[in-house]
Amino acid sequence: MRKWQGAVLSIGMAFTLAACSTGGGGNSTPAAPSDNPEDTVQLTAENLQPEEGATLVIWEDKNQSSFIEQRVKKFEEKYGVTVKMEELPPTDQVTKLTTDGPAGLAADVVVFPHDKIGSASEAGLILPNDIFEAETTANTSGNALKAVTFKDILYGYPYSVETYALFYNKALYPEAPKNFDEIIDFAKTFNNTKSNQYALMWELQQFYYNYAFLASQGGYIFGDNGMDSGDLGLNNEGAQKGGEFLQKLKAEVLPLKMGDVNYDIKKGLFSSGKLAMDINGPWTIADYRNAGIDFGVAPLPAIDGKPMTSFSGVKAYYVNAFTQYPNASKLLAAFLSNEEAQMENFDMNGTLPANKNVAGNAKVQEDPINKAFLEQFNNSTPMPSLPAMDSVWGPISSAITDIWDSGKDVKASLDNAVKQIKESLATTQ
């Protein structure tokens, strides 16, 4: 990982410890030149101070408002910096930052899913996590750290992780299956298409879930840990095996068209006892608890002895590159995502932590549902953050539809998808 901690007071690039606002552009006031090398001072997490007169705005999701309110009070008491929260869904923030950032209208600290980091970085919208890089690197789980790093530069201050795992109705299947062979055998006795009763479902139309079947056999999207768009692995031997396994599941476990399965259909069947197992994320826990279902959650079952690799996402705070108060903004991002904050967020909202110590805390681990999701996250692949990913979703989703709905040749379908992706990339890169 590229190091950005050598931010020292020198001509044209350093910050004073009590730096004043520049009025925009994301840089603190540079120090006056000095002939004495001993006069230079390195900014660190321990000596960083907010700019005089700094006031901050943060964009966050509505469901985080109670946590932000509680945490910001402590921040204001410690640093004397006023913070205002504005509600904005994380998925909308990069788009709004693109226009409002350069105009000086955006929040100082923002939060968005990590797969948007590539477009935000390449547009110059966010500052590196430089001062707190060592702290973040030491305390964050490997997959979360990888997710908030783009082209070897750490940008994010991660605070939560998510992926999908296997929900199972204990009344129908008392112990979680270890592999798909068990599910296939169970489906032979449990499935009843006339009664709309099935052993297993997932959102068939979403490549977010179907990726796991290809990846578990050796398929991948981009090489070099998702950073090389010139290396596509969606039609390699492993991906082909994954596609063939999908066809096996269509025949023996879930003989439905893709359009016949979506989130609401699955939720209704699982809640009524007609669906034994559901591949889903933590966002559905409340719905199933409210339905009164005695359910468990486990890591995804193995396929041919290989662990099933899911897609995962990481939420993190980022500092707006156009903030007038970069020092204060970095302090806030770090304060909202440090170990104490992530423990508070878990206690208040059940937010799965990115911090390794919090994830290993007895309070977190004693809940088997949390434990299962965190275990699956550790065996996940963060969604690629390259903007090139925009060229992938359509072609590969169409290929999976051909493989599942029409039973078309797996290799030909995947080859065609990769061909389309390459053609699209050739026109956009």
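The values are calculated or read from the model by the stated rules, or taken from the named source; none is laboratory data. Nothing here was measured: the structure is a model prediction, and the numbers come from that model. Positions of Cβ are backbone-derived with ideal geometry, glycine not excepted, and every protein chain shown enters the neighbour counts. Accessible surface is based on the protein model in full, side chains and every heavy atom, while ligands, DNA and RNA are left aside. Shrake-Rupley method; radii C 1.70, N 1.55, O 1.52, S 1.80 Å.
See the values below:
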read-out: 20 Å reach of a label modelled at LYS151, 7 Å along Cα-to-Cβ, counting backbone N of segment 387-405; value: 387-392
read-out: Sum of side-chain charges, ILE279 neighbourhood, beta-carbon under 12 Å (Lys, Arg +1; Asp, Glu -1); value: -1
read-out: [x] 28, 62, 10; [y] 25, 51, 22, 3, 0; [z] 26, 57, 16, 1, 0, with the label sought being that of the calculated P(r) over Cα pairs in 20 Å bins from 0, in percent; value: [y]
read-out: Inter-site label distance for GLN197 and THR427 at 7 Å from Cα along Cβ, in nm; value: 5.0
read-out: Where labels lie 7 Å past Cα in the beta-carbon direction, separation of ALA286 and THR82 in nm; value: 3.2
read-out: Sequence ranges 133-140, 290-297, ranked by mean other-Cβ count within 10 angstrom, highest first; value: 133-140, 290-297
read-out: Carbon + sulfur, % of accessible area of the chain - ligands and nucleic acids excluded, 1.4 Å; value: 47
read-out: Label point distance in nm, LYS73-THR55, each placed 7 Å from Cα along Cα→Cβ; value: 2.1
read-out: Computed [θ] at 222 nm, helices only, for the chain once each DSSP H run of length n ≥ 4 contributes -39500 (n - 2.57); value: -12000 deg cm²/dmol
read-out: Whether segment 286-427 is rounded, prolate or oblate, judged on the alpha carbon gyration tensor where a/c under 1.5 counts as rounded; value: oblate
read-out: Antiparallel DSSP beta bridges within the chain, percent to nearest 5; value: 70
read-out: Residues of segment 52-106: accessible area per residue with a 1.4 Å probe, Å²; value: 55
read-out: Whole-angstrom gap from segment 272-325 to segment 109-166, using each part's C-alpha centre; value: 19
read-out: Amide hydrogen neighbours beyond the local backbone of VAL57, cut-off 5 Å, H modeled; value: LYS84, ASP108, VAL109
